[in-house]
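The values are calculated or read from the model by the stated rules, or taken from the named source; none is laboratory data. In this text the structure is predicted, and so the values were computed from the model without any measurement. Please note: Cβ atoms are built from the backbone with ideal geometry, for glycine as well, and neighbour counts cover all protein chains shown. Note: areas computed on protein heavy atoms with side chains; ligands, DNA, RNA excluded. Shrake-Rupley method; radii C 1.70, N 1.55, O 1.52, S 1.80 Å.
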Amino acid sequence: MSTFHLIAPSGYCINQHAAARGVERLTQQGHQVNNQHVITRRHERFAGRDEERLADINALAQLPGENIIVMPVRGGYGASRLLADIDWQALVARQQHQPLLICGHSDFTAIQLGLLAHGKVITFSGPMLAGNFGAETLDTFTAEHFWRAISNETFTIEWHGEGPQCDVAGLLWGGNLAMLTSLIGTPWLPSIPGGILVVEDINEHPYRVERMLLQLLHAGILAQQRALILGSFSLAQPNDYDAGYNLNKMIDYLRAQLTIPVVSGLAFGHEPQTVTLPLGAHARLQHAEKTQLTLSGHPTILM
């Protein structure tokens, strides 16, 4: 069984019952869950004061043991406040010596991209404690893909994607689109020429998703990629004012602006059902009758 080490770098966990259920579920499965005090910690809208949440991150460099899964309680907002004071060199050194398996998404994307920028540290974009492991019913698809990703040196995800036929390879990177675009022009956005970029988001109207993707285009980032994969864009419903403009129309417009393949439909993001992706791993994307994403080169846990 595994050891989960909880961190809370972002928002206060308003759904305490879900977090407690996540701990109970993991414990019943035989896993050990450490650092549980961060679940109830609160300062204003955050999961503790900035210095407390920062200490969660910097302490990972000295975290004893191996085979440890590091997981945020939830996302929200707050990681951006910490970026300038994170001891990136110490974290990179720890990962090179004895990798932690760090998994999260949403607001946590900022820290994941910072690790990738400072030392090509691979982390996993996947489930978190409250929203996923603490769901009223643990999604079987999500759980299976999580354990598959962190326990296999090479694995393949298949789905029925939409987009042009392609067969490309490169470094997989990305995560939450809003967090990624917020890092443009900062030291925490990695430069990944020849990469495969995967993005998702929640509570963003289709025009806001379009605007963020156009920012990546105009900044020259999308042109450097081998492909763009679109995950889930939860709660991105248009309204009457849109008069037919919706997420699919936005994707059609985006494809017309790009010369790289855009493949959509991946179950990745804020939905109950999500895959787990190693950001910074080697990836091969093949799309024809079906879509396959094969990933390798990431750290794994001994099962």
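Remarks
- Relative contact order [Cα under 8 Å, 6+ residues apart], the chain, whole percent: 21
- Check: the chain dipole with +1 on Lys, Arg Cβ and -1 on Asp, Glu Cβ, in debye: 360
- Using equal-weight Cα scatterers in the Debye expression, the normalised intensity of segment 60-128 in log10 at q = 0.16, 0.19, 0.25, 0.29 Å⁻¹ is -0.50, -0.72, -1.26, -1.51.
- Grouping the Cα pair distances of segment 117-204 into 5 Å bins from zero gives a pair-distance distribution of 2, 9, 16, 22, 21, 18, 9, 2, 0 percent in increasing distance order.
- The chain - share of DSSP beta bridges that are antiparallel (%, nearest 5): 50
- Over the Cα atoms of segment 248-303, the radius of gyration divided by the Kirkwood radius equals 1.03; this is the Rg/Rh ratio.
- For segment 1-115, the square roots of the Cα gyration tensor eigenvalues, ordered a ≥ b ≥ c, give a/c of at least 1.5 with a/b no greater than b/c, which places it in the oblate category.
- Rounded to the nearest 20, the size of the Cβ-charge dipole of segment 1-122 about its Cα centre is 260 debye, with Lys and Arg at +1 and Asp and Glu at -1.
- About the Cα centre, charge dipole magnitude for segment 56-214 (Lys/Arg +1, Asp/Glu -1 at Cβ), debye: 440
- Each residue of the chain gets 128 Å³ once the volume of the Cα convex hull is shared out per residue.
- Rg ratio for segment 99-145: its Cα radius of gyration over 2.2 N^0.38 Å, N being its residue count, equals 1.28.
- MRE, 222 nm, helices only [DSSP H, n ≥ 4, -39500 (n - 2.57), over the chain, to nearest 500]: -8500 deg cm²/dmol
- Under 15 Å, Cβ to Cβ, from Leu101 - net charge with Lys/Arg +1 and Asp/Glu -1: 0
- Cα→Cβ-extended label distance, 7 Å offset, between Asp50 and Glu289, nm: 5.6
- Of interest is the spacing of the C-alpha centroids, which for segment 205-234 and segment 35-93 amounts to 28 Å.
- Carbon/sulfur fraction of accessible area - the chain, other protein chains in place, 1.4 Å, %: 48
- Look at where the Cα atoms of segment 108-137 and of segment 139-187 average out, and the two centres are 12 Å apart.
- Extreme residue, positive dipole direction of the chain, given options Ile39, Leu100, Gly75 (C-beta unit charges): Leu100
- Where the chain is the region considered: accessible area per residue in Å², 1.4 Å probe: 43
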